[in-house]
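Remarks on the structure that follows.
The values are calculated or read from the model by the stated rules, or taken from the named source; none is laboratory data. This one's a predicted model, so the numbers in the text were calculated from it and none came from an experiment. Methodologically, a virtual Cβ is constructed for each residue, glycine included, from the backbone with ideal geometry; neighbour enumeration extends over all protein chains shown. Ligands, DNA and RNA are stripped out before the accessible areas are found, and what is left, the full protein with its side chains, is counted by its heavy atoms. Shrake-Rupley method; radii C 1.70, N 1.55, O 1.52, S 1.80 Å.
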Amino acid sequence: MDRETQDSPEGPATPERLLDAAEEIFAREGYETASVRDITQRAGCNLAAVNYHFGSKENLYREVLGRLLKWLRDYRLAGIHEVKERPEATLEDVLHTFSKVFLEPLVEADRGPRVMQLFLWEMLQPRLPEGMVVTELVDPIVTAFSGALERPCPTLGTESRKLCTLSLVGQLIHALQAARLFSTKGRQDTPVNDLQDVMAHIVRFTAAGMRDRASLDA
C-alpha cells in the first residue's frame, strides 16, 4: 500500500483537521504537555500525519497560532474599515465598532475561550518567532484603528491615538476576564453581569478621555 493510499482517509482535508484538533489540545494542555499522538487521534489521522503535513509539532503549533492571528486580524480590520468609510460616524461609533469586533471573537461560545487560553499559554511558554504577534496582529489593528480616529477626532496626535488604543484594549480585556471570573462563581451582584452594558460604559469613558487628550494635543 503506497503512502497516498495509506493516507487516503485523511485526504486534502487532513491539514485542517489537524489544525482544529491541535488548536483544541494546545489550548487545553499547552505546547509542552500536548502530544502528537493525542492530536492525531483527535483528528482521526495516523501518527505520521503531523510530520507529513507540517514537518514537526512546533511547525504545527505555529500554524495553529498563525491561523488564529489571521482570523482575529481579518475580523477586526473588516469592522474598522467599515466604520471608517462612514462619513457620519462619530467618535463613539468608531469606539463602539472597535470594541464590538475586538470582543466578539473572544466571547464566541466554542472558540473564544480556546483563543484566550492559547494566548495565555503563549505568554507562559513562548514558542512563536519573536515579534510575530505584534507584526501579524497588533500593528495592523493599531494602524487601522488610528486611521479611523482621524476624522471624528482630528486633533488627537498620532502617539496619543496609540496610547488611547492600548488603554481601550486594556479595559476590554479586563472587562472580559472579570465577566468570566464572576460567572464561574455564580455571582449575580456584579457590575459585569452584562458585557454589553460594560462595553457601553467603556466607550463613553474612553471617548471623554480622548476628547480631553485631543484638547491638549490641539
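Assorted remarks:
- One entry in [x] 19.5; [y] 16.9; [z] 19.0 is Kirkwood radius over Cα pairs in Å calculated from the shown coordinates; its label is [x].
- DSSP H segments from the chain that extend 27 Å or more along their own axis, Cα-based, with Kyte-Doolittle mean of 0.0 or above: 158-184, 195-217
- Carbon/sulfur fraction of accessible area - the chain, other protein chains in place, 1.4 Å, %: 55 percent
- Label point distance in nm, Leu77-Asn59, each placed 7 Å from Cα along Cα→Cβ: 2.5 nm
- In plain terms, the bigger the Kirkwood radius, the slower the diffusion; for region 111-184, with that radius from Cα pairs, at 10 °C and 1.306 mPa s, Stokes-Einstein puts D at 110 µm²/s.
- Accessible area per residue in Å² at 1.4 Å probe, computed on region 98-145: 52 Å²
- Computed from point charges on the beta carbon alone (+1 for Lys and Arg, -1 for Asp and Glu), the dipole magnitude for the chain about its Cα centre is near 460 Debye.
- The chain: calculated mean residue ellipticity at 222 nm from DSSP helix runs of at least 4, using -39500 (n - 2.57): -24000 deg cm²/dmol
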